[in-house]
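The values are calculated or read from the model by the stated rules, or taken from the named source; none is laboratory data. This structure is a prediction, so every number in the text was calculated from the model and none was measured. Note: ideal-geometry Cβ built from the backbone for every residue, glycine included; neighbour counts use all protein chains shown.
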Amino acid sequence: MPSMKTSPKAEKSQKPTKLIVFNWKMNPTSLKEALSILEALKERVSKLKGVEIVLCPPIIFLSELLNAYQGKRISFGVQNGFYEDSGAWTGEVSFLQAYKEGADYAIINHSERKKLGESREIARKKLEAALRAHMRVVLCVGEEKRDHSGEYFKEVEEEVVYFLSTVSPEKRNNVILAYEPIWAIGKSGSGAATSHDLHEMALYIRKVLIEKFGRRLADTLPLIYGGSVDATNAESLMQTGVVNGFLPGRASLDVIQIEEIMSVVEKSYAPIQNS
Ligand code: PGA
């Protein structure tokens, strides 16, 4: 078992300006495969500069992966958690438990949770619980589909404002926004948002942040992109899209894709600076 943490890393380290959150979803099917991807990641990460790497494996592998990695360059996260800290909740795992085991990050409001029936109210409670547990939260927002009249901008705005309004100004420092257009998730690279689409949305989100929460937050809140990121589109999404990194799903299980995505982010400019 990994040793219990005594100090919250997420609170001690500076907020990342560039990061990649690898979401393995319900993959791979064995610990052996999980360890072999971690092994490859470890090697590359040891030379990586200026990029925070977060690995979100299925929770069943978390302790073993933490045991297998003693370094500081990879942080671990959970893909889900429960909104109470402990109690009679059969089958659930709390964010607090995950944090004490060594997970510093939590993905909240992912569209695949919504598809399973997770309501906005439940996602909000989870956001609160993860922040209460001292985790950094990767808060997913994104429209279901696009329309010609641009209604989807409002849809994303509404989600951003709803969730961030429920978080105290100090805790907003521990939030990373992940823009994930739902229509772009799980496609091949060509099904991702274009870098132009992404740039427009990134600017829009920053404008909403300025108007509703002030310039300081808008200048410091990391914004990453998820939805069919891979080695073919990472460079243009990062450069023209003007984001702080990615939330890859499928590509995060493929060592070659992982390598490529990491080196693109490493070479790219970070659109926000540390606060
Ligand atoms: P994908 O997943 O990269 O497989 O599209 C992205 C996500 O759901 O976070």
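Numerical summary
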quantity: Output for region 206-231, where each listed residue is within 15 Å of Val141 (Cβ to Cβ) and either touching an Asp or Glu at 6+ places or on another chain (Cβ under 7 Å) or in contact (Cβ under 8 Å) with a residue 60 or more places away in the chain (or both); calculated: Val208, Pro222, Ile224, Gly226, Gly227
quantity: Matching residues, region 237-258, being out of contact with any Gly (no Cβ under 9 Å at 6 or more places or on another chain), near the ligand (Cβ under 10 Å from one of its atoms) and either under 15 Å from Ala178 (Cα atoms) or of a type in the set (Gly, Ala, Ser) (or both); calculated: Ser252
quantity: Leading residue by the ranking (surrounded by the fewest Cβ atoms within 10 Å (Cβ to Cβ)) among those in region 180-219 that are within 16 Å of the ligand (Cβ to nearest atom), closer than 26 Å to Val167 by Cα and aliphatic (A, V, I, L, M); calculated: Ile182
quantity: Subset of region 238-259 (residues that are of a type outside the set (Gly, Ala, Ser), touching an Asp or Glu at 6+ places or on another chain (Cβ under 8 Å) and outside any loop (DSSP other than H, G, I, E, B)); calculated: Arg250, Gln257
quantity: Matching helices (runs of 4 or more DSSP H) fully within region 1-113 where at least 3 residues are modelled with pLDDT of 95 or more, under 18 Å from Arg136 (Cα atoms) and away from the ligand (no atom under 16 Å from the Cβ); calculated: 95-101
quantity: Ala234 vs. criteria within 17 Å of Gly50 (Cβ to Cβ) and more than 15 Å from the ligand (Cβ to nearest atom); calculated: no
quantity: Condition check for Val243: in contact (Cβ under 8 Å) with a residue 24 or more places away in the chain and in contact with a Lys or Arg (Cβ under 6 Å, 6 or more places away or on another chain); calculated: no
